[in-house]
Structures are given as C-alpha cells and as structure tokens.
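Quick notes on the structure that follows.
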Amino acid sequence: IYSCCYLSRRLNQLASHDPLWKRQCKKYWLISEEEKYQRNQSWKAIFISTYSDLGRYIQYYATLKKAWDDLEKYLGQRCPRMIGSLKESVREEELDAVEAQIGCKLPDDYRCSFRIHNGQKLVVPGLMGSMALSNHYRSEDLLDIDTAAGGFQQRPGLKQCLPLTFCIHTGLSQYMALESVEGRNKYEIFYQCTDQMARNPSAIDMFITGTSYLEWFTSYVNKVVTGDYPIIRDQIFRYVHDKECVATTEDITVSVSTSFLPELSSVHPPHYFFTYRIRIEMSEDALPEKACKLDSRYWRITNAKGDVEEVQGPGVVGEFPIISPGRVYEYTSCTTFSTTSGYMEGYYTFHCLYYKDKFFNVTIPRFHMVCPTFKVSIARMVSVVVLILDFFFYFNIEPNHNEYAVDEDEDSTDTDEYEDRRRVLDIPAPSRRCPRHT
C-alpha cells in the first residue's frame, strides 16, 4: 500500500490511515501503546522506521520478541539475578562482521534473536538450564555473538558448526550446523558426542536438540514459562514431568520427572545416562497419626529389549525420611541403559510412627526414559563400510546387502547406591564429575 499510495489519492488516504498501521505495528513489531506514546510518532512512522531496521526479520521478529518478553517476565519474578546477565541487542553491522569473520551466513532467525538480546554473560546459572547430581553439575549459558564466533569450528567432525551454548563446568556446548556437511542438516542443533571406540577424532555422533534456531529457542522458552521445567534455587532445571506419571496410595502421592544427560552418554558404545527427580508428598488433609517413615525401596527396571532387573535396598539416598501431613520430600538419582529407552517402576515400604507394627507399600508410578534422536558419525559409518569391503575382498567373498545391526549390551543399572538427597532448594556445589565415574 505504501508503494502504491503515490498512484491514487484514495490509496494515499488509505495509506495514511493510522489505525491500519497500528494493527501492523502490533502484529509484526509488538509495539505497545506506551511505547508509541514514548516515541511520540504516528503508527505509520513507527512501522516504517522499524521496518527499515528489522524488515528482513518480519517473519520471525514477533515470535522471538514474544518469547524473550515472556521469558524476562517469568524469570524477573523468580530468577532476577539471571535477568541481569542478559546482554543488550547487537547492530546489523556487528552480525555482518561476524559472517565475514567465520565465512558463513547466519540464519535470519538467529540474527533476529540477537537483535533483541545478545545472549548473556558467562555466568552461573546459565539461561539455557542446569542439571545437578552429587558430583556433577551442568549449567549452560546462551553465548553472545562474539564468543560464539570465537568458538566457530572448522575441524573435521564439527566443520562449519557454531556453538550456541557453553557450560564452564563440563565444557559442553550445543552447536548449530551452518552448512549441510558431515551428515548434518543445515541449521540443525545438537550436542556433540565423541565416538569412544573410534580412533578417528572426527568420529563425532550427535544428539539432536532442534531443527532450527526458532524452533529450538521458542520450545525451550515455552517449557520454562509454562512451568514444565522447575525453578530451584534461582536456576532452571531441565527435568521433564509427565503429568500422568503420578501415583497416589492413600494419603501419599509420588510423582517423577526425568532428564537425559548427553555429556555422560555415548552412542558407541551404547550408554545412555538419565536422571530422575522424585517427589513424595503427604496430603495436608491427612490425619496426624498417618505420619510414617520410609524403610526401603523396590525397583523393577526394564530396558527396550524387555530385560528386567530388580533391585531392593534400605531407604533412599542413604536416608529414611519421615513423611507427615503437608510435608514434601524430594531427591534425585540416576540410572543408565545400554538401550535407547527403558522404564522404571516400583514401591516404597513405609511403617507408621503411631502404629509401629503397621507396614504398607506406596506405589512408584512407571516412568519412561527415552534418548533423544541421534545421528551416528559419518566417519565411523565410512570406516565400517571400508572394513567390511576389505574383509570381503581379502577372503574373496561375495557380499550380500542385508542390514547389519549392532547388538547392544543388555545390562541396565539402578544407581540408588549413588542417589543423592535433594530437598527443595538444596543444590550441590559445582563439580566436573558424576559419582558413577569416581
């Protein structure tokens, strides 16, 4: 309309109709009435000036701006210290300079986000979530554009990959592929996972976390602001809670949240590491004589092959918590599978404090743990093919073309002996190692 308004008086009048521009300003740039008042400009002038600066991002800006606004509002009430770590926006010239420096184009949704906020300072806790066990701690910062450019990779295995996040405790990053090379899709986001059985350092497997920056960032923000990821001691913890994963036995409710730890997992050999966070709560309406003490636990652990392991032992995390009306007890633990998924279920045995001879079991609901989508390293796939072809050539065997599957180990391990009590707001001091590896 703006371009055509010079051809017709009616179109000129229409193009000058401010309510029309108000609708566009709110739709594409999320301009509020208050901001309009502060600018002391017409809606038309605001739209044109904003478009001249951010026009290339018009299909992304409103979505990303809303995500950032929602995140700031939510964290401002719960984690104000984290809000203070966010950096101001960058200019177009700075993004152009980074593209020239790394020799690759940045996707527009990524650029758009950094026109709103330039990531955060390298601090703890990180904006992109934390995870804690007794001797293992991870907290990921969203990197600013200069730090990300400094970590841009050209080495085999991570060619043309840009780091998006970084954990100063583990060295873990999530990367975005800027080109479709080494088996990756363009703009795919992933955690790197070194093939521990390969001699080739470029044999890097990938746990996929997103297909684009827009999808990756907005889906994460949505989990935060809807409360899917709990806030504990001013930190975002990336536990996922299945709302159906709750079991109530009389007055006691047990619920479970789980999380996958890529930094302690590997595809080759198959070793998939999960943590789970259990909440045990007695109803406030329960009678005082319902107070009880946890004596023991029983676990039934099943991997994707259907193999079952049963574990029974005293207490949890070396403790025997007392549960009374309105009281909550929480703890975290971990387990590993050699298959890409598995589930656990079981029960706790309690005894009543008022009737010491009375024992009863409290159901632990079945909870599933599933490894995220992953891709195996192209370098390893090529090496395997070469070895097979060499074998057939050496023995003069005609190869068939049936698929070969790698057999995974059948053991899954309950790690209750490594459990670490975590009451609400009780997070361990940062450390580089998980107790399983001490």
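Taking label points 7 Å from Cα along the Cα-to-Cβ direction, ASP53 and GLU88 give a separation of 1.2 nm.
Each residue of region 225-236 was assigned a 3J(HN,Hα) from its phi angle through the Karplus curve 6.51 cos²θ - 1.76 cosθ + 1.60 (θ = phi - 60°); the sequence is 6, 8, x, 4, 9, x, 9, 10, 6, 6, 10, 8 Hz, with glycine and proline shown as x.
Using the Karplus relation 6.51 cos²θ - 1.76 cosθ + 1.60 with θ = phi - 60°, the per-residue 3J(HN,Hα) values for region 52-59 come to 5, 9, 10, x, 5, 9, 4, 7 Hz, with x marking Gly and Pro. Rounded, prolate or oblate, given the Cα gyration tensor of region 61-221, with a/c below 1.5 counting as rounded? It comes out oblate by the Cα gyration axes. Which of rounded, prolate or oblate describes region 192-299 when judged by the alpha-carbon gyration tensor and an a/c cut-off of 1.5? Taking the square roots of the gyration eigenvalues as a ≥ b ≥ c, region 192-299 is oblate. Of the trypsin sites (Lys or Arg not before Pro) found in region 232-280, those that fall in a DSSP loop while having at most 14 other beta-carbon atoms within 10 Å are ARG233. Each Lys and Arg contributes +1 and each Asp and Glu -1, all at the Cβ; summed about the Cα centre of region 245-349, the dipole is approximately 240 debye.
Taking 19 Å as the limit for the C-alpha separation, the pairs LYS223/LYS243; LYS65/LYS186; LYS65/LYS87; LYS87/LYS159; LYS290/LYS356 exceed it in the case of LYS65/LYS186; LYS87/LYS159. A full extension of the chain between ARG78 and LEU287 corresponds to an added length of 71.9 nm, given 0.36 nm per residue minus the alpha carbon distance. The slack in the chain from VAL123 to GLU34, taken as 0.36 nm per residue of separation less the alpha-carbon distance, amounts to 28.8 nm.
For the pair region 97-135 / region 240-299, the C-alpha centres are spaced 33 Å from each other. In this structure, the amide hydrogen of PHE374, modeled 1.01 Å from its nitrogen in the peptide plane, lies closer than 5 angstrom to those of ILE208, counting only residues at least 5 positions away or on a different chain. A simple spin-label model places pseudo-atoms 7 Å from Cα toward Cβ; at SER341 and ASP242 they are separated by 0.9 nm. Placing unit charges on the Cβ atoms of the charged side chains and taking the dipole of region 239-374 about its Cα centre, the candidate lying farthest along the positive direction among LEU261, LEU353, TYR298 is LEU261.
In terms of its C-alpha gyration tensor, region 244-285 comes out prolate, because a/c is 1.5 or above and the ratio a/b outweighs b/c. Applying 1/(1 + (r/R0)^6) with R0 = 41 Å to the Cβ-Cβ distance of SER324 and SER219 gives a FRET efficiency near 0.55.
Values in this text are rule-based calculations from the coordinates and carry no lab data. What you see is a predicted model; the values in this text were computed from it and never measured. So basically every Cβ, Gly included, is an ideal-geometry build from the backbone, and we count neighbours across all protein chains shown.
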